[in-house]
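Asker: Let me give you the structure first, and then I'll get to my questions.
All of the numbers you see were taken from the coordinates with simple rules; none came from a lab. Everything quoted here is computed from the prediction, not taken from an experiment. Quick reminder, even Gly has a Cβ in these numbers, built from the backbone with ideal geometry, and neighbours come from all protein chains shown.
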Amino acid sequence: MTVSAPAKPRRARKRKSTSTPVLKAAPVLAPVATQGRTRELTKPTAEIIPFDSYIKDARNRWNVHRYEIQELIKDAGNTYDYIREVYKRVTT
């Protein structure tokens, strides 16, 4: 009877530490210096959308969404009907 060499003990798996990540504070940005002077930033000229327009846009997007879902349901029904007809032709 042959005796095999004893198996080497398996090494324990090394895992990464599970410490919580440290959040760093955002750096404070200093004003941009240009040729010894500091340049002040100007207010952007972008228009702010009025609340009424925002509501109208949201309602319009919701109506488009409802229409698209309605068409999706129709397409799914048509696909089901087509597959059912093909299945009937194949099995009979």
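Asker: Please go through the stretch 42-92 and write out the GluC sites (Glu not before Pro) that DSSP classes as loop and that have at most 15 other C-beta atoms within 10 Å.
Answerer: When the GluC sites (Glu not before Pro) of the stretch 42-92 are filtered for loop state and at most 15 Cβ neighbours within 10 Å, 47 remain.
Asker: Any chance you could run the full-extension gain for residue 7 through residue 25? It's 0.36 nm times the residue separation minus the Cα-Cα distance, nm to one decimal.
Answerer: Full-extension gain reported as 1.3 nm.
Asker: Any idea how far apart residue 86 and residue 57 come out in nm if each label point goes 7 Å out from Cα toward Cβ?
Answerer: The answer from the label model is 4.2 nm.
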